[in-house]
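Down below is the structure, laid out as structure tokens.
The numbers here are math on the coordinates, done by the rules we state, and not lab data. Quantities reported herein were computed from a predicted structural model and do not represent experimental measurements. Don't worry about glycine lacking a Cβ; one is built from the backbone with ideal geometry, like all the others, and counts go over all protein chains shown.
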Amino acid sequence: MKRKLTSLPSDLTPRLLQGVPLSICLSGCGQHWAAPRSYTDDFYSTRRFCQRTENFDVFLSHDWGTSRWLKLCSLLMMFNVRAASTACMVVSIAVGILRAYRIIPDERWTELFPLGIFYILLFFWQHLRELFKKPLVVFLDRLCIAQNDDRLKEQGILGLAGFLDRSSMLAVLWSPRYFKRAWCAYELGTFLRDPGKEKLVRVMPVKLAPTLLAFCLTWEVIRFAHSAATEYDESGSREWLIVSGTLLFVILCGSPLYMYIGMGLIRDVQALPDHLRNFKIQDAECSCCANNHRNPSTGEELPCDKQLIFRTLKKWYGTPDDDTEAHLETFNGFVRSRLSRTIRQTVGGYTLPLKQYLYIALGSNAPLLANYMSKMGTPPAEISSDLERVMWACRWLIRWMNAPLQMLFGIWVSIACWKLGVYLMRYCGRVALSLILPFLILPCALAVAWLPMRITFDLTSHDSLLPLVPFLALLAITLCLFSAGASPKMIAPDTAFDEMLRARSDKSQSSQAKEAWEKKDAQDSPQPSMATSSTTQDTSSSS
């Protein structure tokens, strides 16, 4: 006789504790993130990718209705961009030294080496990391929960709390659908349910990552075109006109599309507070309800996942003698207060910590350092003293440092422009704004970020450090602008709300409460067996 299930357990047997390397989750162009095409998938019939583990480095929380490509780009930005940026800097310095000593040709095409390293590691760092370091072990429901054994599959799905309790970090791939899914809200609420404890949560809006990648590629094209045009101009060639025409074409064609996508991202982010303010776990969706509590393959009647979630929330947020939905309202209040505040701080503002943007800016501009280092090592003939050589090198170093700073400022201007576009959408269409705003904002951004440095550099002598003035001014402006959208890494406890949860927890853990729970579970067990709506479906549909 099968035992009756009344709530979602948090204790897991060692057999269920299976994790996968993050490299597996990123392999095959994100094939493991594709939405299920059917409820039986032979490819996931066994946990062929798993390894036994006691703890997880990261729990990946997401909804399966979001594109696999958006999730793949988000994970690359979250976990690979730092290594890619660091390696690109190292290779750029090495190439610059080799060019300065004429060991390799002093040509612009050598910049392709660090640029290639940046994008190779951006996409494949987790695979290369495993050659010399322990891989990051993550939990992804489709891979870590058995698919060929109904009993193990069921225990894994219903034991999500156990996996979350053994995870060091929760990575949320956020989309507008996220808080509409019962399992997603349950995962986030479970991870943060312990009062007074700080929890590491990283939230990545899935539309932001591909937008940043597009920005990087566009920046590379603009940088190469600008550098080539400058060189052609100095040599007296007319070919710089062709390069400038290419640059203008990129701006004319790319900026409106970039603006259109960015406004869509900001519109989703700005709608998040309303979603959280009106959140009710009772209204959240799950796959069993979408299928009218019938197995799509066999037609068998299935119990509702939300009832199991509700009973689990009652043990955490309610009292045993309470027959109302007070525990659900307590959880709703938890989401609306503590989670709402934290998610809005993380997803709102400028959506990522400054250091993430810094990695992107350094990685995209590191190849330019190789070219400037070769110039540092070959000063003009009129420079003879060591002091003049040092000043010459410092001027070129300042010029290079200004490039990633300009990119950071450009990212801030882009996000601010998206916000302005969303505000103006109440008066004008999105397409029209995408065509108009770039040509109003771009000249202003160039005037602030590029023109002062260029003029100062061209009008001062080779032994002057006056270009440091516009650089420091732009640095101060950029840091001040980004500080307004800074967000904390850790989830800080909400003291007032946590005191209420502690009181409820102390009350529910008394000896009388435990006896009441056991008695009530025996009387009110609504499910005839352990089977749930997710048991006969692919695990991926549970979120």
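Quickly rank 159-172, 107-120 as a protection proxy: mean count of other C-beta atoms within 10 Å, highest first. If you can, show how the numbers build up before the last one.
Working: 159-172: 21.1, 107-120: 17.4.
Ranking the peptides 159-172, 107-120 by packing returns 159-172, 107-120.
Are any of the pairs K71/K280; K207/K419; K71/K306; K280/K314 more than 22 Å apart by Cα-Cα distance, and if so, which?
Correct reply: K71/K280; K71/K306.
Over the range 408-447, what portion of Cα pair distances is larger than 12 Å, expressed as a whole percent?
Of all Cα-Cα distances in the range 408-447, 56 percent exceed 12 Å.
Convex hull over the Cα atoms of the range 348-454, averaged projected area in nm²?
8.8 nm²
Rounded to the nearest whole Å³, what is the per residue volume of the convex hull around the Cα atoms of the range 69-206?
165 Å³
Give me the one-decimal nm value for the distance between modelled label points at N278 and A476, 7 Å along each residue's Cα-to-Cβ direction.
4.6 nm
Are there chymotrypsin sites (Phe, Trp or Tyr not before Pro) in the range 377-482 that DSSP marks as loop and that have at most 11 other Cβ atoms within 10 Å, and which are they?
Loop-located and lightly packed - Y427.
If each of L248 and Y101 carries a label point 7 Å out from its Cα toward its Cβ, how far apart are those two points in nm?
So the label points at L248 and Y101 sit 4.5 nm apart.
Quick one: which residues, 5 or more positions from R181 or on another chain, have an amide H under 5 Å from its amide H? H modelled 1.01 Å from N in the peptide plane, none for Pro or chain starts.
So R181 has HN proximity to E285.
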